[in-house]
Structure formats: structure tokens, C-alpha cells
Amino acid sequence: MTTVAFIGLGAMGSRMARRLLDAGNELVVWNRTLSKALPLTDAGARLASSPEAAARHADVVITMVADPEALRDVTEGPEGIIHGVTAPATVIEMSTVGKDAVLRLRQVLPEGVGLLDAPVLGSITEAESGRLAVFIGGPDDLAERWSPLLSALGAPTPVGPLGSGAAAKLAADSVLFGVLGVLGEA
């Protein structure tokens, strides 16, 4: 059984975390708003007191937060992930934060801790049903190792080196918004 620490339980994160729990993983959760974690703890997840505590014994730490500032807060803050995560764990950054934020995270993670960027494309419906597109950027061995776990969320697709997942997600968003604009004009 894989121990997954899931940080960020908003509309998408809570549904993604639930799929990982339902897939039989041991789930440790943290969210700055406690009430968002309660449905998961009622279903069997353990509540951590901080991102650091969540990461302390995890095989993999997943972040799904609002923006680069929130990512810095949960990773680099006084009780951030970097203070609890140890090798050989892997951090999987799944937020839409851009390549620069992912590369910064690589710089601050402890030596020996792996990192993948794996943002998702889809909505709440796809998150609930496990039909998200997952763009994985990072080392091939880590992408291969964690693809079975990410398959509980949808279709994981390796897209290149670290930062490529973030770049692919932003490109997909740009195309999607362009198409929506054209449809709106039509």
C-alpha cells in the first residue's frame, strides 16, 4: 500500500484525493481550511497538522493548490513540505502553477527527493470519475514509477523533462480558451 500525502483539498484536489483513497492507498491530508478535509477523514484518511507532518512518512506527496504563492507557502513555509519529506519520497506537483514554480520547487526540495510536475486537464466531473488528462514532466523512471498511482485520476501521459507537464497544461489551456472564444463568436 502506498502512503500518499495530499496537500490542497479544493474543488479538484478533494475529488482527486478521494479517488486515491478509494483506490486503496493510505491517504494523509492537509488543507488550510480544516472543514474541507473532514469528508476525507470521515472516509478513512488521516488528518495531518501541517504540510510538513503530512509529508513526514509519505511515499509520495501531491500538491494541488491555487497558484505559485500557495505552492511556496505549503512547500517552503515554516511547516512546509520541505521540512518533512525525505528521500526516497517523490513530490508530484499537480497544480497549474507554470514551469518557473516547478523549477523553483526542484531547487528547494531536499537532496534525493524526486519531483514530477503533473498538472491535470479536466473539470470536477472528470476528477470524480477518474477521467482527467495528466501531463507528466520529469525523469522517465519517476514517471514510470508513479503512472499506476496517477492512473486512478485519469490518463497519465509523460511529456518530457521537468517543467514539461506545466508547459503542456498551459498550452492545452490556451488552445481550449481559444476554441471557446471562437465558438462564442460563432
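The values are calculated or read from the model by the stated rules, or taken from the named source; none is laboratory data. In this text the structure is predicted, and so the values were computed from the model without any measurement. Neighbour counts are summed over all protein chains in view; Cβ atoms, including those assigned to glycine, are modelled from backbone coordinates with ideal geometry. Calculation scope for accessible area: heavy atoms of the full protein, side chains included, ligands and nucleic acids excluded. Shrake-Rupley method; radii C 1.70, N 1.55, O 1.52, S 1.80 Å.
Could you give the size of the charge dipole of the chain about its Cα centre, using +1 on the Cβ of each K and R and -1 on the Cβ of each D and E, expressed in debye and rounded to the nearest 20?
Charge dipole of the chain: 220 debye, to the nearest 20.
Pop a pseudo-label 7 angstrom from the Cα along the beta-carbon direction at both Thr157 and Ala11 and give the gap in nm to one decimal.
Calculated label separation equals 2.3 nm.
If DNA, RNA and ligands are ignored and the probe is 1.4 Å, what is the ranking of Leu142, Leu115 by accessible area, most exposed first?
Output order, biggest surface exposure first: Leu142, Leu115.
Once both labels are modelled 7 Å past Cα along the beta-carbon direction, what's the Glu76-Arg32 spacing in nm?
Once both label points are built, they end up 1.5 nm from each other.
Express the C-alpha Rg of region 95-137 as a ratio against the empirical globular expectation 2.2 N^0.38 Å, rounded to two decimals.
Normalised Rg, Cα atoms only: 1.39.
Which value at 222 nm does the chain reach when only helices count, each DSSP H run of 4 or more adding -39,500 (n - 2.57), with the total divided by all residues and rounded to the nearest 500 deg cm²/dmol?
Value at 222 nm, helices only, nearest 500: -12500 deg cm²/dmol.
Run the Debye formula on the Cα coordinates of region 1-79, all scatterers equal and no solvent, and tell me log10 I(q)/I(0) at q = 0.23 1/Å.
The calculated log intensity ratios at q = 0.23 Å⁻¹ are -1.03.
For the pair Asp22 and Arg145, what calculated FRET efficiency results from E = 1/(1 + (r/R0)^6), where r is the Cβ-Cβ distance and R0 = 30 Å, to the nearest 0.05?
E between Arg145 and Asp22, to the nearest 0.05, is 0.90.
Picking from Val61, Ala143, Gly130, whose Cα lies most toward the positive end of the charge dipole for the chain (charges on Cβ: Lys, Arg +1; Asp, Glu -1)?
Gly130
Could you bin all the Cα-Cα distances of the chain into 5 Å bins starting at 0 and give me the percent of pairs in each, rounded to whole numbers?
1, 9, 18, 22, 22, 15, 7, 3, 2, 1, 0
Would you mind computing, in nm to one decimal, how far apart the modelled labels at Ala87 and Asp42 are, each placed 7 Å from Cα along Cα→Cβ?
4.3
Run the 1.4 Å probe and let me know the accessible area of His57, rounded to the nearest 10 Å².
140
Sort out for me the Cα centre separation of region 111-131 from region 42-78, rounded to whole Å.
Spelled out, the Cα-based centre of one part sits 15 Å from the other.
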